[in-house]
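Below you'll find the structure, written out as C-alpha cells, and then a few comments.
The values are calculated or read from the model by the stated rules, or taken from the named source; none is laboratory data. Remember, predicted model here, so these are calculated numbers, not experimental data. Please note: Cβ atoms are built from the backbone with ideal geometry, for glycine as well, and neighbour counts cover all protein chains shown.
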Amino acid sequence: MAQTPNTGLDREELNQRIAILRRFRTLLVEQRDRFRAYLEELDQQKDVIETGSAEELIAHVAMEEKIVADIFAIQKVIVPLDTMYHSAPDSSGAEAEVQGLKSALDNLKKEAVIRSNRNKDILSRRMMEIREEIKSLRANPRRPGGNYAPLTRPGGPSLVDITG
C-alpha cells in the first residue's frame with residue numbers, strides 16, 4: 001500500500017480518518033442546530049408560561065422533550081467519534097473548525113441551562129399564583145363552606161316533587 005507523503009499513512013487509513021472527521025463535524029453541526037432549536041423552544045415556552053395557556057404549555061413541553069431526546073441521541077454518537085478523532089494523529093488541519101464548533105456547543109449548553117432555569121422559576125411563580133387564586137375561590141365569604149358547598153335557601157324547600 002502506498003503511503004501518503006509527509007504523514008506516513010496509507011491511503012485507506014487516511015480516507016477513514018477523513019470520513020471520521022467529516023462525520024464528526026456533521027454531528028457537531030447537527031447538535032449545534034438542535035441546541036439552537038431548544039433555545040428557541042425555551043423562549044416560546046417562557047411566553048406561554050406567562051400567558052397561562054395550559055394546552056400550549058403541554059405542547060411546548062412535548063416538543064422540548066423531543067428536542068432533548070435528539071440532543072442526547074446525537075451526543076451518544078459524538079462521544080465515541082470525539083475519542084476516535086483525537087486518537088488519530090495529524091488531525092490538526094481541521095482542529096480549529098472542530099474546536100470552534102465545540103466552543104459554540106458549550107456556549108449553547110450554558111445558555112440552555114440558564115433559560116431552562118429561568119422558565120422553571122417563571123413556572124413556579126405562576127403555579128404559586130394559581131394556587132393562591134384557588135385558595136381565594138375556596139374561601140369566598142359569600143357562601144358558607146366555599147364555592148363548592150351546596151346551594152341552600154334558608155327556609156326554602158329541601159325536596160322537589162317531580163311526580164306532578
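Determine, yes or no, whether Tyr85 is in a helix (DSSP H, G or I), modelled with pLDDT under 80 and of a type in the set (Phe, Trp, Tyr). Yes; evaluated as a whole, the condition is true for this residue. Looking at Asp70, Asp47, Asp33, Asp106, just one residue is free of Cβ contacts under 8 Å to residues at least 40 places away in the same chain, within 18 Å of the chain's Cα centre (by Cα) and loosely packed, with under 12 Cβ neighbours inside 10 Å, and that residue is Asp106.
May I ask you to say which residue of Val79, Val98, Val61 is modelled with pLDDT of 80 or more and either surrounded by fewer than 13 Cβ atoms within 10 Å (Cβ to Cβ) or out of contact with any helix residue (DSSP H, G or I) (no Cβ under 6 Å at 6 or more places or on another chain) (or both)? Lay out the reasoning, then the answer.
Details: Val79 fails: modelled with pLDDT of 80 or more; Val98 fails: modelled with pLDDT of 80 or more.
Val61 is the lone residue from the list that is modelled with pLDDT of 80 or more and either surrounded by fewer than 13 Cβ atoms within 10 Å (Cβ to Cβ) or out of contact with any helix residue (DSSP H, G or I) (no Cβ under 6 Å at 6 or more places or on another chain) (or both).
Looking across segment 110-142, the residues that are within 17 Å of the chain's Cα centre (by Cα) and in contact (Cβ under 8 Å) with a residue 12 or more places away in the chain come down to Glu111, Ala112, Arg115, Ser116, Arg118, Asn119, Ile122, Leu123.
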